[in-house]
Amino acid sequence: MRRVLLTAGVAAVSLLAAGCASSNATAGATSGSGPVTLRLGFLANITHEPALVGIAKGFFAKDLGKNVTLKTTVFSTGTEETTALLAGQLDAAYVGPNPAITAWQKDANIQIVSGAATGGASIVVKQGITSAGQLKGKSLATPSLGNTQDVALRYWLKQHGVTTNTTGGGDAFIKPTKPNSAAVLQFKSGQIAGGSEPAPYDIQMVQDGGTVLLSEPGVTTLLIVTKSFLSAHPAIVSDLLKAQVQANAFIKSNPTQAQADANAELASYTGKPLKADLIAASFKEITFTNDPNQASLKTDADQAVSLGLLKPVNLDGIYNLGPLNKVLASAAG
């Protein structure tokens, strides 16, 4: 497996709604006998634990087989990830719902083939702040403009009468900040009043004296693939999904070991492991699941549209859960 670092979280086995599954995306389809490189992106977040565990435990390497070279790239944000995917630099990616929706709207060459995690992101602010109104005139961080945590924060503020805009103005000033660790440092030093961040960064902000105003609900991480790769290599996508299901099963049955494995994998990219209690606290707020939570995705899209961050979008066809259902049925049988 080749790794690239770009600088800048299990439900029980069950069949899921098949959505618009294409007939050529079946688990036993032939993908050709020659060598294939599968380019997979993910983020250095605990919400992307299935990717970290899948790599660390060798599930991807085993299930993809010797004819497939897995090339992984770690990104700072899902927005960067989907940009790379739409540019033809990735074949599959673990991403948040809003980047997936935006990528679908820009170019319907992607499909959601599985969920990976729900929960695991929070709006954290300085002690003493207990309402949205107290954030007027304050600066807040999010990973990137239009990403899942950014939309969640802006929509929550809007619900409480606090305006924001895409250039950092309005009643509260939203600062897209990367990497996520930079937002933690800015919070600790008092440069920002808080932010909307995924685990483990929201947990770090709490440990640095922050308080949670909102634990963001719904899907946090999805597995998407390009339609072109799925069409050309359906069996490889099925093998990728098999590894994903195994990773989530391992996380559920061996949480302590999964935490250690993910931490070691993170350290191989970032150069420094996280504290064990930070990983454990992150796990408590995340449900690692293969269910992509379709209702949650629609909510995410509606919120982004209401904020003017997304044009009205038709999500028909964004899901292809046929291959996942076959893998789940095989695992259950």
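Structure above, values below:
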{"read-out": "Residue count, region 154-209 (criterion: in a loop (DSSP other than H, G, I, E, B) and open to solvent by less than 40 Å² (accessible area, probe 1.4 Å))", "value": "10"}
{"read-out": "Close pairs (9 angstrom Cβ cut-off, 6 or more residues apart or separate chains): under 30 Å from Leu140 (Cα atoms) in region 205-233, assigned to a strand (DSSP E or B) and basic (Lys, Arg) anywhere", "value": "Gly209/Lys126; Gly210/Lys126; Thr211/Lys126"}
{"read-out": "Residue that is surrounded by the most Cβ atoms within 10 Å (Cβ to Cβ) [pool: residues in region 309-333 that are in contact with a helix residue (DSSP H, G or I) (Cβ under 6 Å, 6 or more places away or on another chain) and not in a helix (DSSP H, G or I)]", "value": "Ile318"}
{"read-out": "Any hit, region 293-308, residues being under 24 Å from Ser114 (Cβ atoms), of a type outside the set (Gly, Ala, Ser) and outside any helix (DSSP H, G or I)", "value": "yes"}
{"read-out": "Hits in region 155-194 (condition: of a type in the set (Gly, Ala, Ser) and on the phi < 0 side of the Ramachandran plot)", "value": "Gly169, Ala172, Ser181, Ala182, Ala183, Ser189, Ala193"}
{"read-out": "Residue, farthest from Ala183 (Cα to Cα), within region 210-221, restricted to residues that are surrounded by fewer than 18 Cβ atoms within 10 Å (Cβ to Cβ) and polar (S, T, N, Q)", "value": "Ser215"}
{"read-out": "Selection count where residues are of a type outside the set (D, E, K, R) and open to solvent by 20 Å² or more (accessible area, probe 1.4 Å), scope region 287-308", "value": "10"}
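The values are calculated or read from the model by the stated rules, or taken from the named source; none is laboratory data. All figures in this text were calculated on a predicted structure; none of them were measured in a lab. Here the Cβ is made from the backbone with ideal geometry for all residues, glycine too, and neighbour counts use every protein chain on show. These area figures cover heavy atoms from the full protein model, side chains too; ligands, DNA and RNA do not enter into them. Shrake-Rupley method; radii C 1.70, N 1.55, O 1.52, S 1.80 Å.
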